[in-house]
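Presented below is the structure to which this report refers.
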Amino acid sequence: MNRTVRLLSLLAAALLVLTACSTAEEAGQEASEPGAPAITSEPAVEAPSEPPVTVSEPADTETALSDDTTANLLELAAENPQLSQLVAALEAVGLTDELEQAGPMTLFAPNNDAFSQLDQSDLTALLADPSAGGDTLRYHVVEGSYPSSELSDGDTLTTMEGTDLPVSVSGDTVTVGGAEVVQADIEAGNGVIHVIDSVLQP
């Protein structure tokens, strides 16, 4: 009897061991099934870096305004190195203010070569006597603006000195009072300049 009980006990223990092993295998298979989702830790997603914010400086509204006025007759003559003797003569006899007026005026401007043709004594006398020198230089200035396109052969222009200045036109050559215009139509804000090759005498 005892032997039978002992055998039954051994059989029951063996069955328990087999059952436990089978359960463990099934549990392992379920854990490794391909359909089961794998639990993995997600990598941290970095937020996109914001581009640097640049603040544009406001445009400078204070801009230098260019002078839109045209230079007057005296200023243009002073800027021309070939008219330095004329400008010096105008200053010597006190006529600079007249060429800065509103105008319009036409200036027949003797160049430096024209003044070099004068005798030194005549030039000295011209500059030493403001009255006589002033009249001579006023003979080179005409009231009104006369570009070369408006000068015709046989015209006479009344000068600021008070007498007439004869005009001669032959082809492209223009002469006034016997002096040839060597550079025409230098436009100023208050008139026009024609450069001539000799000093006019009233």
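No value in this document is a laboratory result; all are computed from the given coordinates. All figures in this text were calculated on a predicted structure; none of them were measured in a lab. Every residue, glycine as well, gets a Cβ built from its backbone with ideal geometry; the counts of neighbours run over all protein chains shown.
Details
- Rounded to whole Hz, the Karplus (6.51, -1.76, 1.60) HN-Hα couplings of segment 145-158, x for glycine and proline: 9, 10, x, 4, 5, 9, 9, 10, 4, x, 5, 10, 10, 7
- Taking amide H as placed 1.01 Å from N in the peptide plane, Y139 has its amide H under 5 Å from the amide H of E161, each at least 5 places away in sequence or on another chain.
- Theoretical FRET efficiency, 1/(1+(r/R0)^6), r = Cβ-Cβ of V182 and S84, R0 22 Å, to 0.05: 0.85
- Cut-off under 5 Å, modelled amide H: who pairs with V182 long-range: V195, I196, D197
- Backbone HN-Hα couplings from phi across segment 100-106 [Karplus 6.51/-1.76/1.60, Hz, Gly and Pro as x]: 9, 6, 5, x, x, 9, 10
- Applying the Karplus relation 6.51 cos²θ - 1.76 cosθ + 1.60 with θ = phi - 60° to segment 171-188 yields 3J(HN,Hα) values of x, 8, 9, 10, 10, 10, x, x, 9, 8, 6, 9, 8, 10, 6, 8, 7, 10 Hz, where x marks Gly and Pro.
- Amide H contacts of G144: M105, T106, each under 5 Å away and 5 or more positions distant or on a separate chain (H built 1.01 Å from N in the peptide plane; Pro and chain starts excluded).
- Inter-label distance, nm, simple model (7 Å from Cα along the C-beta direction), T156/N112: 3.7 nm
- Extension gain, Q120 back to D197 (0.36 nm per residue minus Cα-Cα distance, nm): 26.0 nm
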